[in-house]
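Data block below; observations after.
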Amino acid sequence: MSASCCGNETRFEGLDPAYKRRLWAVISINAVMFLVEMGAGALAGSRALQADALDFLGDTLTYGMTLAVIGSALRVRAWAAFVKGVSLTVMGVWVLGATAYHVLVVGTPQAEVMGLVGFLALAANATSVLLLIRYKDGDANVRSVWLCSRNDAIGNVAVMLAALGVWITGTRWPDLCVAALMAGVFVTSSVQILRQAVGELRSAETTT
């Protein structure tokens, strides 16, 4: 991870054309996987798959916003990161609420579909991580991209573990527990992004 958000060191701001090309590729991957996982989650009755699909949607929007503000003033980039942090918090709260609600829903997710789509999502995210790993450090705008990529990897492994748990136990509880865990990851990442964004906003104020 990058150094403290309150330091004065120069951070990568995403101006490299190669970085922009890789972001476009990752945006496409995430948009496709959002549609695949949301549909598969509905088919399998899996809350964990649908939570992971939301992660893909969040990444698609995050990467698009990152591209939009590259080259802008520090204040603009910091505010963009702040908005992304808030959106991650909202997604985390939504997943927690949906998880609590679906505890009362009868029916066990289809473990086979969960495992298959989870593996496909892991392959997609592994590709995204390899494309972006050189750019994991930088300002809050750039760093938010890396944190979302990390969330993807955690989420995909968690979904596959949930599928195994559902298959072994024959109950929905592993699926619901993993969905709750992923919600916690969303919120934790949002806190990191918000803290760095606030630090950069303060830095922008002192330099104007």
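Close contacts from region 66-77, counting a first residue that is more than 16 Å from Pro17 (Cβ to Cβ) and a second that is polar (S, T, N, Q) and in a loop (DSSP other than H, G, I, E, B), with Cβ to Cβ under 9 Å and a gap of 6+ residues or different chains, come to Leu74/Thr207; Arg75/Thr208. Among the residues of region 170-204, just one is closer than 15 Å to Glu112 by Cβ and surrounded by fewer than 17 Cβ atoms within 10 Å (Cβ to Cβ), namely Gly170. Residues of region 158-170 that are part of a helix (DSSP H, G or I) and at pLDDT below 80: Ala158, Val159, Met160, Ala162, Ala163, Val166. Taking Asp16, is it out of contact with any His (no Cβ under 8 Å at 6 or more places or on another chain) and either of a type in the set (Val, Ile, Thr) or more than 16 Å from Leu120 (Cα to Cα) (or both)? In short, yes.
The values are calculated or read from the model by the stated rules, or taken from the named source; none is laboratory data. It should be emphasised that the depicted structure is a prediction, and the values quoted were computed from it without experimental measurement. Counting neighbours? That spans all protein chains shown, and the Cβs are built from the backbone with ideal geometry, glycine included.
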